[in-house]
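Everything below concerns the one structure shown next.
The values are calculated or read from the model by the stated rules, or taken from the named source; none is laboratory data. Bear in mind that the values here come from a model prediction, so they are computed numbers and not experimental data. Note: ideal-geometry Cβ built from the backbone for every residue, glycine included; neighbour counts use all protein chains shown. Note: accessible area is taken over every heavy atom of the protein model, side chains too, but ligands, DNA and RNA are not part of it. Shrake-Rupley method; radii C 1.70, N 1.55, O 1.52, S 1.80 Å.
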Amino acid sequence: MIGKFLETLYTKVFINIIVENLQTVVYVEVCSKKDVLQSTHKVFETTTINSKMYEFVRSFFKETPFYYISVLDKSSNQGAVPTCAPSEMEKYCDINSSEYICYSDKWAFYTSEYDIEAIKHEYRSIGLDYIFSPFAIMANFFKEKIESSLSMFVLVEDNYLSFTIFDNSKLLYAEYLDMQHHKDDEDMLMDSSLDEDDDFGIEGIDLEEISSMDDDDSSGFDDFTNIEDLDSGEDMDEFSEIQEIEERVESDVDISSDGFNEDYQRFSLIQSALNTFYKDPKYESQFIETIYIADGIGTSTELKSYLEEEMFLNVYVRKIDLGAALSEMAKAEANEI
């Protein structure tokens, strides 16, 4: 009773932490009982808490004894399952080494206990009140659509996708997709194919033919290695045309510094997850025609185009402010205390 009375005398501060690829965003709301009095955010060039972030967060502690610190879960060992019964969860994840929370008594999201302890340890200097699952963020954001349609729902973060399929609020499938892990797999496949090409090239050379060519001054090797022979007009024209075509193709393809278009990676992950849903007998697969995307980073129009043109989906993209979404979740939790 005294606590509730004190709450009317002070504001509440909600501090929300979102770790991105190379930086951390801290979004803060100062609230009265009914209104947001102030909102601010600051970007720190670090993915772990440093002295500048510590001082920024601690500065809000002086304003009120009622402050709540939240972080968006980035654990690789997390997901969601279409049941709240522990005995059924074992079909989808190792429930013995995870912590889980039921959502509307219909489905659950989980994270490994090890990852949760690692997050708590990282922010031990300021303390944490809430660790929010991206699946819960996405479910709140698309609440009305999830309750009334059969569709895919995806939350896009810097390096991750929270992929789900719902049928009128019933979760059918979920997967937490790691773009970096996907890229590493593609790099390994490329390296493997290069090794195979090298082996093929060695095996495909006839050593006796090379020996006979060395004895023949008019061999094809002499013609090929003499760069001056490229000066003939006909050969040069053909060479220039090939080079021009290659340059045009390279300029038409938007390639990231790592050699991969990020939106195409996202498209590939979504396509792969949907194929798993269709093929894995654990899931009640149904044909999906629509996808709703909560865009937390500002993707290009290419992702929408890939999904429409390659998978023939109806695509709807909505921007989401992850800091504000975290704050809404924290306010809902704080009001229940």
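Taking the conditions (1) part of a helix (DSSP H, G or I); (2) in contact (Cβ under 8 Å) with a residue 24 or more places away in the chain in turn, residue 120 satisfies each one other than (2). Taking the criterion of being open to solvent by 70 Å² or more (accessible area, probe 1.4 Å) and more than 19 Å from residue 171 (Cβ to Cβ), the only residue of the stretch 264-289 that qualifies is 264. Restricting attention to the stretch 42-86, the residues that are in contact (Cβ under 8 Å) with a residue 60 or more places away in the chain and basic (Lys, Arg) add up to 2. Scanning the stretch 13-72 for residues that are of a type in the set (D, E, K, R), touching a strand residue (DSSP E or B) at 6+ places or on another chain (Cβ under 9 Å), surrounded by fewer than 16 Cβ atoms within 10 Å (Cβ to Cβ) and not in a loop (DSSP other than H, G, I, E, B) gives 42, 52.
Kindly provide the set of residues from the stretch 15-35 that are of a type in the set (A, V, I, L, M) and modelled with pLDDT of 95 or more, ordered by number. Please lay out each step first, then the result.
At the first step, the residues of the stretch 15-35 found to be of a type in the set (A, V, I, L, M) are 15, 17-19, 22, 25-26, 28, 30.
Within the stretch 15-35, 15, 17, 18, 19, 25, 26, 28, 30 meet the criteria.
Considering only the stretch 166-177, I want to know if a residue exists there that is touching a residue at least 12 places away in the same chain (Cβ under 8 Å), open to solvent by 20 Å² or more (accessible area, probe 1.4 Å), in a strand (DSSP E or B) and touching a helix residue (DSSP H, G or I) at 6+ places or on another chain (Cβ under 6 Å). Yes, that holds for at least one residue.
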